[in-house]
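Asker: Sending over a structure as structure tokens; questions will come in a sec.
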Ligand code: SAM
């Protein structure tokens with residue numbers, strides 16, 4: 001069986017030169033060139049020969065080679081035209097990889113899970129393009145893609161945002177969404193010199209393991225996330241004003257104040273002070289009113 005060979009920086013440079021590849025900043029291209037980091041990602045993602053894995057943004061196929069070696073099947077979605085012929089070359093030894101030329105934000109991943117994995121939960125592994133980290137993660141969760149876990153390289157600061165709770169400046173809609181759907185765990189911190197070209201910021205590998213049951217009970221998930229977005233869109237305002245001013249909501253001031261009082265929350269509280277449990281209770285208070 002062929003061993004992955006691209007984690008070696010020398011081989012990466014050879015491939016890039018062979019194809020005269022020009023890095024596209026707009027696609028967030030920072031290719032991994034460190035075998036230790038690649039080994040860590042593969043180990044943390046706990047891939048077995050039973051697994052179908054979705055890779056987002058394979059680049060020249062470095063991590064794809066490692067994934068193909070460990071998994072039953074891999075599908076890798078890449079947007080950059082220039083990388084498609086390179087991937088055909090670097091992945092030719094692996095017959096369990098499908099490269100899909102397209103935009104991950106427009107890819108029907110649930111359909112892919114049906115076609116490739118009989119609709120069973122899939123594992124997602126990626127060194128994400130940083131300019132669209134949040135839409136990718138939110139898309140996976142909100143579109144109800146059948147997911148087992150997501151193991152991803154992101155900016156260190158974004159990883160921190162996924163982990164924190166109320167009372168920190170990084171706490172926001174991403175923290176609440178990630179913690180509602182999954183249990184986040186940092187796998188590794190990764191310095192800029194592990195990439196080509198080097199990003200300006202530090203990175204981290206984070207693993208999100210999908211909850212079997214959400215940690216809080218909500219009658220209307222969509223409403224809870226509307227409340228969350230409204231609270232953090234105007235995080236310096238009180239929760240009452242944030243909700244009243246939201247384009248996504250249509251509640252009177254009186255109704256908002258009643259809901260807060262019912263949840264035992266002071267009327268001058270800011271949204272950023274609420275825990276996930278409190279957002280769930282608030283959402284349930286609004287839906288109870290509807291009846
Ligand atoms: N996986 C490779 C590695 O680790 O060396 C490359 C990672 S690089 C950070 C991000 C990759 O995502 C690039 O190959 C880039 O072209 C691709 N990409 C960017 N935007 C994308 C999109 N919307 N859909 C699919 N791929 C995208």
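The values are calculated or read from the model by the stated rules, or taken from the named source; none is laboratory data. These numbers were taken from a predicted model, which means no experiment stands behind them. When we count neighbours, we look across all protein chains shown, and the Cβ atoms used for this are built from the backbone with ideal geometry, even at glycine.
Asker: Any idea how many residues of the range 25-75 are closer than 19 Å to residue 93 by Cα, within 10 Å of the ligand (Cβ to nearest atom), touching a strand residue (DSSP E or B) at 6+ places or on another chain (Cβ under 7 Å) and not in a helix (DSSP H, G or I)?
Answerer: Of the residues in that region, 4 qualify.
Asker: Mind listing whichever residues of the range 166-202 are touching a residue at least 40 places away in the same chain (Cβ under 8 Å), within 14 Å of the chain's Cα centre (by Cα) and within 19 Å of residue 149 (Cβ to Cβ)?
Answerer: Once the filter is applied, which keeps residues that are touching a residue at least 40 places away in the same chain (Cβ under 8 Å), within 14 Å of the chain's Cα centre (by Cα) and within 19 Å of residue 149 (Cβ to Cβ), the range 166-202 yields 174, 177, 178, 179, 180, 181, 182.
Asker: Now, a different point. Just one of 114, 15, 22, 99 is within 15 Å of the ligand (Cβ to nearest atom) and out of contact with any helix residue (DSSP H, G or I) (no Cβ under 8 Å at 6 or more places or on another chain); which is it?
Answerer: 22
Asker: Name the residue that is nearest to the ligand (Cβ to nearest atom), counting only residues in the range 128-156 that are over 23 Å from residue 191 (Cα atoms) and in a helix (DSSP H, G or I).
Answerer: Step by step, filter the range 128-156, then rank; the result is 135.
Asker: Something else about it: Inspect the range 1-18 for any residue being at pLDDT 95 or above and on the phi > 0 side of the Ramachandran plot and give the result as yes or no.
Answerer: no
Listed here are the residues, each with its yes/no results for (1) assigned to a helix (DSSP H, G or I); (2) under 30 Å from residue 230 (Cα atoms); (3) at pLDDT 95 or above.
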residue: 175; (1), (2), (3): yes, yes, yes
residue: 179; (1), (2), (3): yes, yes, yes
residue: 183; (1), (2), (3): no, yes, yes
residue: 189; (1), (2), (3): no, no, yes
residue: 198; (1), (2), (3): no, no, yes
residue: 204; (1), (2), (3): no, yes, yes
residue: 207; (1), (2), (3): no, yes, yes
residue: 212; (1), (2), (3): no, yes, no
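Asker: Could you please let me know if residue 124 is at pLDDT 95 or above and either within 9 Å of the ligand (Cβ to nearest atom) or in a strand (DSSP E or B) (or both)?
Answerer: For residue 124, the condition - at pLDDT 95 or above and either within 9 Å of the ligand (Cβ to nearest atom) or in a strand (DSSP E or B) (or both) - is met.
Asker: Which residues, taken from the range 6-20, are within 16 Å of residue 87 (Cα to Cα) and within 27 Å of the chain's Cα centre (by Cα)?
Answerer: 6, 7, 12
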